[in-house]
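First the structure, in the form of structure tokens, and then the observations on it.
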Amino acid sequence: MLVAAAVCPHPPLIVPELAGAAAPELDGLRAACASALGTVLAADHDVLLVVGAGPSVRRYGGQAAGSLRPWGVDVRAGEGEPELPLSLTIGRWLLGRDPDGFQAVDDSCDAVRLGASLAEGERLALLVMADGSACLTEKSPGFLDPAALPYQEKLTKALAEGDAAALAAMDPEEAARLWVGGRAALQVLAGAAGEGAYRGRLLADLAPYGVGYTVAAWTASAA
């Protein structure tokens with residue numbers, strides 16, 4: 001069963017070496033992520049997995065490494081040859097230690113079913129790397145879409161309330177149109193949660209670059 005989960009965004013600028021002094025608003029985002037991770041690490045779990053978007057569905061071992069060199073500075077997360085995609089690299093950097101594994105997902109996979117399979121027979125904790133819509137303003141990477149803000153608000157509400165059913169119901173085509181980078185990863189969370197009851201805690205809800213960055217922590221109500 002899923003016992004706890006943290007949801008964090010994965011902008012490269014969350015790493016201070018990339019952001020420099022130009023993005024002080026990201027200090028609060030880092031602090032929120034640290035708080036969410038504290039909730040996960042405090043839960044009694046058997047397995048800790050980091051889930052995030054990648055070019056394909058792939059499982060990596062817990063010692064896999066990543067680098068932010070493609071985004072300007074060769075900041076390493078983990079040791080060894082970098083192989084993790086951006087979302088999992090940022091997750092590894094935030095975690096500051098080896099998890100038990102990394103799970104990359106793409107837009108084509110049955111993420112809900114995958115999440116359910118991950119939670120079978122183990123007390124599972126998840127770090128879910130998930131950006132929201134990138135169409136919230138005219139300066140967003142996907143420009144402004146009037147449907148993006150209400151969509152982002154529904155997504156934030158679901159995370160704040162521990163509402164797995166709302167995440168499972170996210171439409172892949174709508175999410176793609178609104179540039180929701182974390183849709184598949186969030187549906188892995190929904191599948192892992194299943195019909196369990198969870199307490200959600202919203203720790204941050206920002207859009208400094210026209211992209212929705214939500215940080216939340218879930219704990220099983222019975223935990």
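Given the options Val215, Val188, name the one that is assigned to a strand (DSSP E or B), among the β-branched types (Val, Ile, Thr) and surrounded by 24 or more Cβ atoms within 10 Å (Cβ to Cβ). Walk me through how you get there before you give the answer.
Numbers: Val188 fails: assigned to a strand (DSSP E or B).
Val215 is the lone residue from the list that is assigned to a strand (DSSP E or B), among the β-branched types (Val, Ile, Thr) and surrounded by 24 or more Cβ atoms within 10 Å (Cβ to Cβ).
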*What number of residues within the range 124-141 satisfy the criterion of being open to solvent by less than 20 Å² (accessible area, probe 1.4 Å) and at pLDDT 95 or above?*
11
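Quick one: which helices (runs of 4 or more DSSP H) sit completely within the range 92-180 and have at least 2 residues that are more than 24 Å from Ala220 (Cα to Cα) and acidic (Asp, Glu)? It would help to see each step written out before you state the result.
Values: elements: 111-118, 148-161, 164-168, 172-177.
Output list reads 172-177.
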*asked:* I'd like the full set of residues that are of a type outside the set (D, E, K, R) and in contact (Cβ under 8 Å) with a residue 12 or more places away in the chain, limited to the range 93-107.
replied: Trp93, Leu94, Leu95, Pro99, Gly101, Phe102, Gln103, Ala104, Val105
_Every pair of residues 6+ apart whose Cβ atoms lie under 7 Å, when the first sits in the range 53-65 and is without any contact (Cβ under 8 Å) to a residue 12 or more places away in the chain and open to solvent by 20 Å² or more (accessible area, probe 1.4 Å) while the second is assigned to a strand (DSSP E or B) and of a type in the set (D, E, K, R)_ = none
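The values are calculated or read from the model by the stated rules, or taken from the named source; none is laboratory data. The shown structure was predicted, so the numbers you read here are calculated from the model rather than taken from an experiment. Note that we place each Cβ from the backbone using ideal geometry, even for glycine, and neighbour counts take in every protein chain shown. All accessible areas refer to the heavy atoms of the entire protein, side chains included, with ligands and DNA or RNA removed. Shrake-Rupley method; radii C 1.70, N 1.55, O 1.52, S 1.80 Å.
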